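Accompanying notes for the structure given below.
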């Protein structure tokens, strides 16, 4: 738990520092102070509201024991096995098979799965996937993943808005700024923010796989699910994830279509390696 809080603090501090750098270059000392205040405000807001923002972004619909009895009952059983409070349960109307967990702590957690994953996986495989998501909740990965998603998106927006001021000098005169420096900041500040979240997110998937296998007691089911999701997700785009790539690191399998920079910005270890590790586990 201490490690999770430390990582979250480092992430928030790094985001505030990036806000300050962008403000300094684009607006001088006044711009830096404004940007630092904005960064601190965004951190406070993200801590309390980032989970709801992500769920709203994906138009996730809450379900209960009446509207989705089998799926809700599955989460209930797994939460009891994991020794966790019952999380809120959501379904996302998306064809791509995928799932994620969110929330600042186990007492305020939520898990979400797409309709696509329910159609593609067997009940046993779906159980393995949702156990993986509950492992993220138990490890308190959801705090840093959700905050990093919302803050990375925020700093990207702020850097883009900085284009409005890139033509002003530090004393407020038109045309006195350095457009090259401003352009570099606006290009690399979002990249730096994403690299921070990606550096934090890679290794935790292995731990969530291991924890999910322990919760479900069935590592082979999770291995089969990961392989099936990987194969089925490749040809099925997820528009929301493409529009908000900073949220990709929350998913059990990378939802992005990829491209030339896929390796650099990959948020997950290779599915093949994850499957091999799971198959090597006892049980």
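None of the figures in this text is laboratory data; all of them are computed from the coordinates on show. Computed from a prediction, not measured in an experiment: that's the story for all the values here. Note: ideal-geometry Cβ built from the backbone for every residue, glycine included; neighbour counts use all protein chains shown.
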- Item | Extension gain, residue 80 back to residue 108 (0.36 nm per residue minus Cα-Cα distance, nm) | 8.5 nm
- Message: With the crude spin-label approximation of a point 7 Å out along Cα→Cβ, what separation in nm comes out for residue 115 versus residue 17?
- Response: 4.5
- Query: Listing 146, 240 from the residue with the fewest other Cβ atoms within 10 Å to the one with the most, what is the order?
  - Reply: 240, 146
- Length gained if residue 30 through residue 236 is fully extended, taking 0.36 nm per residue and subtracting the Cα-Cα distance, is 69.5 nm
- Message: If I model a spin label at residue 66 and residue 52 as a point 7 Å from the Cα along the Cα→Cβ vector, what separation in nanometres do I get?
- Response: 2.3
